[in-house]
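To start, the structure itself, in structure tokens.
The values are calculated or read from the model by the stated rules, or taken from the named source; none is laboratory data. Since the model is a prediction, treat every value here as computed from it, not as a measurement. Ideal geometry is used to build each Cβ from the backbone, glycine not excepted, and the neighbour counts take in all protein chains shown.
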Amino acid sequence: MISQPWNIAYEYEYNGFTYSLLSSATETIRKVPKNYSKDYILDLKETINTESNSTLLNDSNPNIIIVQLESFFDPTSIEGLEFSKNPLSFYNSLRDNYTSGDLYVPTFGGGTVRTEFEILTGMNIDYLSPGEIPNSTILKKSNIFSLAHNLNQQGYTSHFVHNNRGDFYQRNVVYKNLGFNTFSSIEYFANYTIDKYWPKDESLVTPILDALNTTIGSDFIYVVTVESHGGYSSEKMENPIQVKGDLKQEVLNQIENYSNVLYEVDKFINNLVEEVNQLQENTVIVFLSDHLPQLLYFNDMVNTDNYKNTTEYIIYDNFNLEKQDDNIETYQLSTKILSLLGLNLGPIENIHRFLKDNDDYQEILEIIQFDILFKDRLYYNNSQKQLINEMQMGINPVELDNYFIEEDALIIKGKNFNTFSKVYLDNKLVLTEYIDSETLRVNNIKSFKSVSIKQVTSEGVSLSSTVTLKN
């Protein structure tokens, strides 16, 4: 029998359905870790506090942008393939010149939010139930001291930006609990383009710049891309970049098609760096892959040395940080970033910094995570327990100013409207015509008592509402 909690599908295939189902059900029960006790946690807390008091802090806080690249993998690393053009030429230049390394992620081919969880909390998801999605079990109902909370306490404003549905994985609920001040999903974008199946990543540049330009102080922006999401066709297509090699034709076709998607993602990375540098503000941009893509190439591959769970990260900066390459776990990435910048570490990051070479490192981490997630949070200090946070949907929120009736139509005026803006009369959705960013129209109007505007996803979920105006 094998145990790979990051790859539930493989476990079921290898161990069989019955064994895997019973094993998953048993492991879903929260188990108290060995050596867990109040005294153990308080003693550890005192030790960590003593160590962390000696930390030297940086007086200047740069902007921090983390760009989580969907299903991102460098296909030129596959031996024996020839590319007519490097699809990731700019990305590779960053990797060669700035801090970078392997990133050991907790999932393969999917489960994006499992990677997000480890980055934002610093916690090892192995100590949750196999295949667990924390957004659905833990984060939707409780505040967890996160990287965003930590940076907020150091004067940052925290933003989450995603070019897909805002309700997917319940992010519109979860990221309030994780300390983000604004959340801009596709429903709040002024413009975007869909390439075949998914919105292009280029549409992310404007809301990222808006986040940087609408605040006075430093910003922390967590960006989740979607353009390189599967599936990837294995049919032969006309592509700008051709790939040759000694692989099955369908495998080669798929790699070529995937590589051409990456070519567009590389343009986004290049443009983002250039646009951010135009602002002339000290900024760090972390690029990382959430997991490897679902390619036929990986299907028959044995997961030797956890190859299928190994991606990459790059820490780009525009103020000459020393290049410090390192291979790290995903839950250690926030520690790496904060340490490079001389910023205060959070409670979990302090464990990674001071105890990662300790023989009991993983045991300590498991105990502290259990205390924080399921018990009394003894390890937290008061400021880390009392987490009251408000999150605004949209960096530039939708506003309703006024309305008037023109013949038999209701004309609504406001700000930041888009095609996801829907008119509600007496709190009931009515057919809405989008005119422009300041105008909506409802035809064949009947009597009503109130009007409001809501941003509604493609699945019919309301993400936010304007004020209600009485008639």
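Would it be correct to say that Asn444 is part of a strand (DSSP E or B) and surrounded by fewer than 17 Cβ atoms within 10 Å (Cβ to Cβ)?
no
One residue is enough: does segment 235-244 have a residue meeting the conditions closer than 27 Å to Asn63 by Cβ and surrounded by 21 or more Cβ atoms within 10 Å (Cβ to Cβ)?
Scanning segment 235-244, I find no residue that is closer than 27 Å to Asn63 by Cβ and surrounded by 21 or more Cβ atoms within 10 Å (Cβ to Cβ), so the answer is no.
List pairs: first in segment 96-119 and in a loop (DSSP other than H, G, I, E, B), second surrounded by fewer than 22 Cβ atoms within 10 Å (Cβ to Cβ) and acidic (Asp, Glu), Cβ under 8 Å, 6+ apart or cross-chain?
Pairs that qualify, where the first residue is in a loop (DSSP other than H, G, I, E, B) and the partner is surrounded by fewer than 22 Cβ atoms within 10 Å (Cβ to Cβ) and acidic (Asp, Glu), are Tyr98/Asp317; Pro106/Asp126.
If I ask for residues that are out of contact with any strand residue (DSSP E or B) (no Cβ under 8 Å at 6 or more places or on another chain) and either assigned to a helix (DSSP H, G or I) or more than 25 Å from Ile144 (Cβ to Cβ) (or both), which ones from segment 174-188 would you list?
Val174, Asn177
Determine if segment 338-345 includes at least one residue that is within 22 Å of the chain's Cα centre (by Cα), more than 30 Å from Gly101 (Cβ to Cβ) and either crowded, with 21+ Cβ neighbours inside 10 Å or polar (S, T, N, Q) (or both).
Within segment 338-345 (the criterion being within 22 Å of the chain's Cα centre (by Cα), more than 30 Å from Gly101 (Cβ to Cβ) and either crowded, with 21+ Cβ neighbours inside 10 Å or polar (S, T, N, Q) (or both)), the answer is no, since none of the residues qualifies.
Answer yes or no as to whether Thr112 is in contact with a helix residue (DSSP H, G or I) (Cβ under 7 Å, 6 or more places away or on another chain), among the polar types (S, T, N, Q) and farther than 17 Å from Ile285 by Cβ.
no
Are there any pairs, at least 6 apart or on different chains, whose C-beta atoms fall under 7 Å, with the first in segment 314-340 and assigned by TED's automatic domain parsing to the domain that holds Ala148 and the second among the acidic types (Asp, Glu), and if so, which?
Correct list of pairs: Asn327/Asp102; Thr330/Glu118; Tyr331/Glu118; Ser334/Glu349; Thr335/Glu349; Lys336/Asp326; Leu338/Glu349.
Do we find that Ile41 is crowded, with 20+ Cβ neighbours inside 10 Å, at pLDDT 80 or above and part of a strand (DSSP E or B) in this structure?
Here the answer is no, as Ile41 does not meet what is asked.
Among the residues of segment 246-281, what is the count of those that are at positive phi and surrounded by 15 or more Cβ atoms within 10 Å (Cβ to Cβ)?
0
Please verify whether Val284 is of a type outside the set (Lys, Arg), buried (at least 19 other Cβ atoms within 10 Å of the Cβ), under 30 Å from Ile221 (Cα atoms) and modelled with pLDDT of 95 or more, treating the condition exactly as stated.
yes
Identify all residues within segment 279-295 that are touching a helix residue (DSSP H, G or I) at 6+ places or on another chain (Cβ under 9 Å) and either within 23 Å of Asn61 (Cα to Cα) or in a helix (DSSP H, G or I) (or both); write none if there are none.
Leu279, Glu281, Thr283, Val284, Ile285, Val286, Phe287, Leu288
In the list Ile388, Ile412, which residue meets the criterion of being within 32 Å of the chain's Cα centre (by Cα) and farther than 18 Å from Tyr192 by Cα?
Ile388
Could you list, ordered by first residue, the pairs with Cβ atoms under 8 Å in which the first is in segment 144-162 and outside the structural domain of Asp219 (by TED's automatic domain parsing) and the second is surrounded by fewer than 22 Cβ atoms within 10 Å (Cβ to Cβ) and polar (S, T, N, Q), at least 6 apart or interchain?
Pairs found: none.
In segment 220-234, which residues are in a loop (DSSP other than H, G, I, E, B) and at pLDDT 95 or above?
Thr225, Val226, Glu227, Ser228, His229, Tyr232, Ser233, Ser234
If the Cβ limit is 9 Å and pairs must be 6+ apart or interchain, which residue in segment 382-403 that is farther than 16 Å from Leu440 by Cβ pairs with which residue that is among the β-branched types (Val, Ile, Thr) and exposed (fewer than 15 other Cβ atoms within 10 Å of the Cβ)?
Matching pairs, first to second residue: Ile395/Thr214; Asn396/Thr214.
Is it the case that some residue within segment 114-134 is charged (D, E, K, R) and over 13 Å from the mean Cα position of the chain (by Cα)?
Within segment 114-134 (the criterion being charged (D, E, K, R) and over 13 Å from the mean Cα position of the chain (by Cα)), the answer is yes, since at least one residue qualifies.
Could you list, in sequence order, all residues of segment 120-142 that are assigned to a helix (DSSP H, G or I), touching a residue at least 60 places away in the same chain (Cβ under 8 Å) and either of a type outside the set (S, T, N, Q) or not assigned by TED's automatic domain parsing to the domain that holds Ile66 (or both)?
Leu120, Ile125, Asp126, Tyr127
Residue by residue through segment 148-173, note down the ones that are polar (S, T, N, Q) and assigned to a strand (DSSP E or B).
Within segment 148-173, Thr157, Ser158 meet the criteria.
Give just the number: which of (1) assigned to a helix (DSSP H, G or I); (2) of a type outside the set (Asp, Glu); (3) closer than 16 Å to Tyr380 by Cα does Phe145 not satisfy?
Failed condition: (1).
Among the residues of segment 224-251, how many are over 28 Å from Val205 (Cα atoms) and within 30 Å of the chain's Cα centre (by Cα)?
2
Does segment 196-216 include one or more residues that are surrounded by fewer than 17 Cβ atoms within 10 Å (Cβ to Cβ) and in a strand (DSSP E or B)?
No, that holds for no residue.
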